[in-house]
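Remarks on the structure that follows.
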Amino acid sequence: MMKLSFNKLTLTLIGLSTIFSSLCLARAQAPSVRTGGSGRIPRQRPATIAKVQVPPVNVASINDYNITKEELEKRVMQEMRPFNYGNYNEEYKPVDVNAVLLKMIAEKAMISEARKGDYLKDESLASLIQRERDKRLVNLLLMRTLQPRLVVTEAEIQQRMKADPKLTRARAESTVKRAKAGMLFNQYFSHLYQKFNAKKVTENFPLAVQIHQRLLTQPKKPRTGSFIRISQTKEELTPEEKNIVLVTFDKGKVTLKDWFDALCEMAPPGRPKDLNTVKGVERLLDRALTKPILLAEALGQKLDTDKELLQAMKEYEDKRLLSKVISDKYKEIKQPTSEEIMIYFGKNREIFRQGKKIKIDTIWCQDLKAAKQVKAELDGGKDFEATKQKYSLQKTTKPFDTYPSGEGLFWKDLWKGDPNDIIGPIKGFYRTGVNWRIVKILEKSPGELTGYSDKMDNRIKDKMMSEQRDAILEKYRNELLKKYTYKIYIDKIKGIDPLAIP
């Protein structure tokens with residue numbers, strides 16, 4: 001049997017051990033720590049009240065899909081935020097909850113249509129989904145198999161801190177865990193390599209060298225950058241070359257295509273420089289063979305039937321299918337002519353006003369009551385910066401320029417103020433939601449209404465094509481809403497208003 005050096009593999013194929021280690025550290029919010037023999041060390045935790053799991057409230061259904069109230073509220077908030085990357089001077093209107101829900105229903109219909117068609121047979125999409133499924137299967141295998149064995153003792157933590165006094169206890173524990181995760185992974189993979197009777201087909205390594213050099217130095221199509229692209233592995237490898245076997249193992253094999261896939265997963269600057277040698281090919285192969293063998297074990301344990309995994313993959317497929325459908329619909333867009341661009345600009349000059357902005361300083365408040373108190377103190381003569389340091393949820397913010405494209409429907413409230421005015425309480429986008437704020441207007445600029453020039457063509461064209469995209473999708477959504485049967489539970493969406501903050 002071919003001999004493997006698993007010490008060397010630590011630096012080559014153990015990318016997956018890093019993933020495993022990260023997963024363990026992320027999931028182990030209260031890591032299990034043992035003493036050298038005196039049992040568990042109890043962690044001091046604040047008293048908590050167990051949360052009652054509240055079942056989701058469905059607000060609509062179509063086919064086998066349900067849309068929950070939580071999903072709708074989140075989407076409404078997303079729709080409220082401006083997606084105006086061109087910094088256009090537009091007026092924003094409040095979001096209609098019913099319209100957002102219909103859009104979400106139509107998107108489920110778009111996914112259903114895609115599943116009926118041949119979308120899942122698309123090679124690029126199918127490959128993307130397969131890679132995601134494989135990654136999740138491997139992660140599930142590692143978590144179930146190795147995480148229970150990842151136990152760190154108090155003695156090990158103390159020893160690490162003694163070796164490096166600069167380490168905090170948490171950092172020392174993390175370092176020990178990462179090292180143990182790598183060791184466990186190496187041991188586990190060595191076991192699987194032998195279990196599946198893996199054998200390297202060394203006589204094919206010179207072929208891998210030759211084909212790699214051909215793709216690297218003699219690409220069929222011109223390319224930028226002196227590295228092999230994913231498209232080359234799809235288009236320039238013959239079926240016979242893709243299926244050249246580099247490793248055999250029970251229930252599977254590792255082919256030259258797998259080898260190139262592993263190469264293309266690496267950022268070009270970090271790719272091996274010795275792939276013109278047999279030894280270089282073998283070192284990369286040690287990385288490429290990891291996932292197939294782990295997958296074989298995962299499938300042998302029937303992890304592909306795990307309900308949570310199946311649900312997660314269904315959701316992933318849905319997202320990819322929706323993205324693919326939208327992308328295909330966008331192909332119907334026509335590039336505007338020069339004449340159409342000029343006509344559009346003439347009718348919509350105000351949209352392209354440049355430089356309209358306000359410079360503001362902001363005090364973000366806990367709630368409306370706090371905002372009123374802040375405003376009262378400022379009206380009474382208190383210093384703005386001192387008041388911000390006392391009350392604001394963000395005390396380190398500096399004055400900044402804000403634009404219509406960043407404020408959305410809150411812009412009109414800001415524009416009412418004049419320099420040196422302190423206005424509020426008014427609402428604004430805060431992190432992922434909406435919150436109350438007190439704003440000091442520092443500067444105010446109406447911008448400039450410019451005339452047409454050739455330099456503006458791209459900006460005008462982007463705006464026109466954006467409107468085309470919106471119109472094409474709206475037309476398709478309306479078609480599907482007429483085609484599919486769906487239900488909206490009106491009583492469940494009453495009162496949904498992201499602007500109704502306390």
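Going by the structure shown, is ALA99 surrounded by fewer than 17 Cβ atoms within 10 Å (Cβ to Cβ) and on the phi < 0 side of the Ramachandran plot?
yes
Working only within the range 54-73, note down all residues that are within 28 Å of LYS116 (Cβ to Cβ) and either in contact (Cβ under 8 Å) with a residue 24 or more places away in the chain or charged (D, E, K, R) (or both).
The answer is ASN58, VAL59, ALA60, SER61, ILE62, ASN63, ASP64, TYR65, ILE67, GLU71, LEU72.
As an exercise: evaluate TYR330 against (1) under 30 Å from PHE384 (Cα atoms); (2) touching a Lys or Arg at 6+ places or on another chain (Cβ under 6 Å); (3) not hydrophobic (A, V, I, L, M, F, W, C) and give the number of the one condition it does not meet.
Every condition holds for TYR330 apart from (1).
Considering (1) under 30 Å from ILE111 (Cα atoms); (2) at pLDDT below 95, say which one GLN354 fails and leave the rest.
Among (1) under 30 Å from ILE111 (Cα atoms); (2) at pLDDT below 95, the lone unmet condition for GLN354 is (1).
Can you give me the number of residues within the range 479-497 that are assigned to a helix (DSSP H, G or I) and under 19 Å from VAL76 (Cα atoms)?
Counting residues in the range 479-497 that are assigned to a helix (DSSP H, G or I) and under 19 Å from VAL76 (Cα atoms) gives 4.
To keep it simple, each residue is scored yes or no on (1) closer than 17 Å to PRO219 by Cα; (2) aliphatic (A, V, I, L, M); (3) touching a residue at least 60 places away in the same chain (Cβ under 8 Å).
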residue: THR233; (1), (2), (3): yes, no, no
residue: THR238; (1), (2), (3): yes, no, no
residue: THR248; (1), (2), (3): no, no, no
residue: LYS251; (1), (2), (3): no, no, no
residue: ASP258; (1), (2), (3): no, no, no
residue: GLU265; (1), (2), (3): no, no, no
residue: ASN276; (1), (2), (3): yes, no, yes
residue: GLU282; (1), (2), (3): no, no, yes
residue: LEU289; (1), (2), (3): no, yes, yes
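Say we look at the range 272-291 and pick out the residues that are at pLDDT below 95 and assigned to a helix (DSSP H, G or I); which of these is farthest from the chain's Cα centre (by Cα)?
Here the answer is ASP286.
Taking the stated definitions as given, is ASN197 more than 30 Å from the chain's Cα centre (by Cα), exposed (fewer than 13 other Cβ atoms within 10 Å of the Cβ) and either more than 22 Å from LYS291 (Cα to Cα) or in contact (Cβ under 8 Å) with a residue 40 or more places away in the chain (or both)?
The answer is yes for ASN197.
Which is closer than 25 Å to ASN87 by Cα and free of Cβ contacts under 8 Å to residues at least 40 places away in the same chain, of GLU315, GLU339?
After ruling out the rest, the residue left standing is GLU339.
Confirm whether ARG131 is in a helix (DSSP H, G or I), in contact with a helix residue (DSSP H, G or I) (Cβ under 7 Å, 6 or more places away or on another chain), without any contact (Cβ under 8 Å) to a residue 24 or more places away in the chain and basic (Lys, Arg).
no
Would the range 259-271 turn up any residue that is part of a helix (DSSP H, G or I), more than 29 Å from the chain's Cα centre (by Cα), surrounded by 15 or more Cβ atoms within 10 Å (Cβ to Cβ) and not acidic (Asp, Glu)?
No, the range 259-271 contains no residue that is part of a helix (DSSP H, G or I), more than 29 Å from the chain's Cα centre (by Cα), surrounded by 15 or more Cβ atoms within 10 Å (Cβ to Cβ) and not acidic (Asp, Glu).
Condition (residue is free of Cβ contacts under 8 Å to residues at least 12 places away in the same chain, on the phi < 0 side of the Ramachandran plot and in a strand (DSSP E or B)) applied to the range 75-85: is it met by at least one residue?
No, the conditions are met nowhere in the range 75-85.
Restricting to the range 164-201, name every residue that is basic (Lys, Arg) and in contact with a strand residue (DSSP E or B) (Cβ under 7 Å, 6 or more places away or on another chain).
Scanning the range 164-201 gives LYS177, LYS180, LYS199, LYS200.
Among all residue pairs at least 6 apart or on different chains, which show Cβ distances below 8 Å where the first residue, located in the range 299-312, is closer than 16 Å to MET143 by Cβ and the second is at pLDDT 95 or above and small (Gly, Ala, Ser)?
ASP304/ALA298
Of GLY417, GLY495, which residue is free of Cβ contacts under 8 Å to residues at least 24 places away in the same chain and within 24 Å of MET80 (Cα to Cα)?
It is GLY495.
The values are calculated or read from the model by the stated rules, or taken from the named source; none is laboratory data. Predicted, not measured: the structure shown is a model, and the values here were computed from it. As a convention, Cβ positions derive from the backbone with ideal geometry for all residues, glycine included, and neighbour counts pool all protein chains shown.
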